[in-house]
Amino acid sequence: MDDFSATLKTVQNVFLFFLSFCLAAWALLVDYRVYIAGIMLGSLASMVNARFLAWKINKLAAAAIEQKGRKVTLGFLTRAAIAGFAGLVAVRYPEHIALPTTIVGYFFAQLATLVLGILSIRKSKK
């Protein structure tokens, strides 16, 4: 297993732990349900985008190895549409999901990957 797949698997495990924590907080903190739901929706969109990007990168690597003449893109429009859909859901149901926390949740997978990468580099240097 390469470093990319191992890191993504670790990010997915952190995401599942974070999502379970958010669900528990959503159940206990009734006054903050709107904000917690936004964080959950944004982080879910972020994780879906991370998994989709990983799939596209693996596809791009396979195409480079085979050296086919086909053009392979990273699917920015698809990932933007996923984020846009999450934002649209937050705008459509403002009484259930807060848009600002949804936007904050968009950065979950990127920040988790950054932190786990830094921890991995520190661990390997020791």
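Since every read-out is calculated from the coordinates, none of them should be taken as a lab result. Since we're looking at a predicted model, the values are computed, not measured. Quick reminder, even Gly has a Cβ in these numbers, built from the backbone with ideal geometry, and neighbours come from all protein chains shown.
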Odd one out for residue 48 among (1) under 12 Å from the mean Cα position of the chain (by Cα); (2) more than 21 Å from residue 4 (Cα to Cα) = (2)
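Determine whether residue 13 is within 20 Å of the chain's Cα centre (by Cα), loosely packed, with under 13 Cβ neighbours inside 10 Å and not in a loop (DSSP other than H, G, I, E, B).
So residue 13 passes the test.
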Return the total of residues in segment 9-28 being in contact with a helix residue (DSSP H, G or I) (Cβ under 7 Å, 6 or more places away or on another chain) and aliphatic (A, V, I, L, M).
-> 4
Among what's in segment 44-69 and is among the aliphatic types (A, V, I, L, M) and in contact with a helix residue (DSSP H, G or I) (Cβ under 7 Å, 6 or more places away or on another chain), pick the residue that is farthest from residue 9 (Cα to Cα).
-> 45
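So in segment 65-101, with the set limited to residues that are among the polar types (S, T, N, Q) and exposed (fewer than 13 other Cβ atoms within 10 Å of the Cβ), which one is farthest from residue 30 (Cα to Cα)?
67
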Being closer than 14 Å to residue 113 by Cα and small (Gly, Ala, Ser) narrows 50, 90, 27 down to just 50
